[in-house]
Amino acid sequence: MEIKVTRASVLKEKPDQNTLGFGSYFSDHMFVMDWNEAEGWHNAQITPYAPIPMDPASMVLHYAQETFEGLKAYKNDGKIFLFRPEMNAQRLMKSNERLCMAQLEEELFVEAVEAIVSYEEDWIPTNEGTSLYIRPFCFATEVGVGVHPSKSYKFIIVLSPVGAYYPEGVNPVKIYVEDEYVRAVVGGTGFAKCGGNYAASIAAQVKAEKLGYTQVLWLDGVHRKYVEEVGTMNAMFLIDDEIVTAPLEGSVLPGVTRDSCIAILKEWGYTISERHLCIDDLMEYAQNGRLKEAFGTGTAAVISPIGELNYKGNIQIINEFKIGTLTQRIYDELTNIQWGNIEDTRNWRREVK
Ligand SMILES: *Cc1c(COP(=O)(O)O)cnc(C)c1O
C-alpha cells in the first residue's frame, strides 16, 4: 500500500505518563483511507490529527453504520510490539460483514496499524502499565438519508497513550447485574464491535454508576437469566475448579483477551467451559463460597478482578474484594507476553519494525 505522509507543522507536548488515564490524549497524526465501489480502498494517508469535515447527511450520522477495533502497542527496550493484531483484523471483517460495510483485508489492516504506530513511535509510553491504545474505525460516508448500505466509507486509525483503564488500577471493581436493559440478542449485532451496541448500553452504564458501580454485567436478552459479559469486557468465573465463560453464540463479543485467556488456562491444565451460567446459580455460588474468583477480560483493562456483584439488591462480595491468585497469575502472564518480558511460546507478539 502506498501511503502519502503529511507531517504536522506543530507537534503536541507529550502528556505526563503518570496521569494518562484512558483515551484522553491523542497523538499528532492519524491514518486515513477511503473506499468506494469504483476504486476500493484508496487514498491511504498519514495526516495531522484533525477534525474531519462531514456532510450532515453522511449516512453514519443517521443509521450508525460504524464499526471499530481496539488494540495496543507496547514499547520495551526500544522494540515495539503488537498483540495478535490479525485477530482484530479478522473481527473487523466480521463486524463489517454484519453491518454490510466494505471489507478490509487482514493484511491491509495490519499494514495500516503498523504504519501509523511506527510513525508515531514517540507516543508509545514506557512506564509500567502504560501503552499506546490503537483505535481503528470504519464508517459510512455516503450522503443521503435513504436506508441502504452506504456506497462509500472511511477507515481511520487514531492513537491514544493510556495508563490503567480504571482509576482504581488492577483492583477489584463493583459490578451491577443489569436486569432491565439488555445489550444484545442472538440474530442482532452483539458479536460485532459497532458503536450502535454501545449507544444502546449507555443507559445501563449511567444507572450502574449512579448506584456506585463501575460497570454492568449483562444477562442474555431473551430470558434475562444467563450471564453474558461485562460492559466492555468478557467475563470469567472460577467456580470450584472450573472456569466458566459465556459461549459465543452471536450475542457476546468474541474478545481477543478472552480467546487468549482460554488458551492459557487450558495450557495450565484448567477446565474451562464455554457454557450458559444462570445468574441465580452464580449468586448462590458467590454466597456459599463456591465462586472463588471472577474477572473481566478486555484489551483496555487486560484483566479486571470483580470484587462485588449486585443482582436485584442481593450483594455478594467475591474473594473478600481482593484480586484472586488465578486472576493475578493470568494478568501477569498476559501483560508479560504483551510487554515482551517473557518468551512468546504461542506466537502472539508481533514486532513492529
Ligand atoms: C472489545 C470488547 C470486548 C473485549 O474484546 P478484546 O478483544 O479482548 O479487547 C468485550 N466486550 C465488548 C462488548 C467489547 O466491545
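Read-outs: derived from the displayed coordinates by stated rules, not from any lab. The structure presented is a predicted model; accordingly, all values stated were derived computationally and were not measured. Cβ sites come from the backbone with ideal geometry, for glycine too, and all protein chains shown count toward neighbours.
Before moving on, here are some points about what is shown:
- Dipole in debye (nearest 20) - the chain, about Cα centre, beta carbon charges: Lys, Arg +1; Asp, Glu -1: 400
- Two-site label geometry, Ala203 and Glu37: point separation in nm, points 7 Å out along Cα→Cβ: 3.7
- Note that the chain carries a Kirkwood radius of 21.2 Å, evaluated over its alpha carbons pair by pair.
- The gain in end-to-end length when the Val147 to Lys353 segment is fully stretched comes to 69.9 nm, 0.36 nm per residue minus the alpha carbon separation.
- A Cβ-based charge dipole, computed about the Cα centre of region 1-115 with Lys and Arg at +1 and Asp and Glu at -1, lands at about 480 debye.
- Per residue, the convex hull around the alpha carbon atoms of region 173-339 comes to 104 Å³.
- Mean projection of the Cα convex hull over all viewing directions, computed for region 200-277: 5.8 nm².
- For region 149-229, the convex hull spanned by the alpha carbon atoms encloses 133 Å³ per residue.
- Each of Asp259, Asp28, Asp16 was scored by other Cβ atoms within 10 Å of its Cβ. Arranged with the fewest first, they read Asp16, Asp259, Asp28.
- Unit charges on C-beta of K, R, D, E only; dipole of region 64-173, Debye: 340
- Only helices enter this figure: runs of n ≥ 4 DSSP H residues, each worth -39500 (n - 2.57), summed and divided by the residues of the chain, yield -7500 deg cm²/dmol at 222 nm to the nearest 500.
- Each of Trp218, Val352, Ala203 was scored by the projection of its Cα onto the charge dipole of region 202-353, and the greatest displacement toward the positive side belongs to Ala203; charges sit on the C-beta of Lys, Arg, Asp and Glu.
- Extension gain, Glu13-Glu107: 0.36 nm per intervening residue step, less the Cα-Cα distance, totals 30.6 nm.
- Between the residues Pro56, Ala38, Ile80, the greatest Cα displacement towards the positive end of the dipole of region 4-162, with unit charges on the Cβ of Lys, Arg, Asp and Glu, is found for Pro56.
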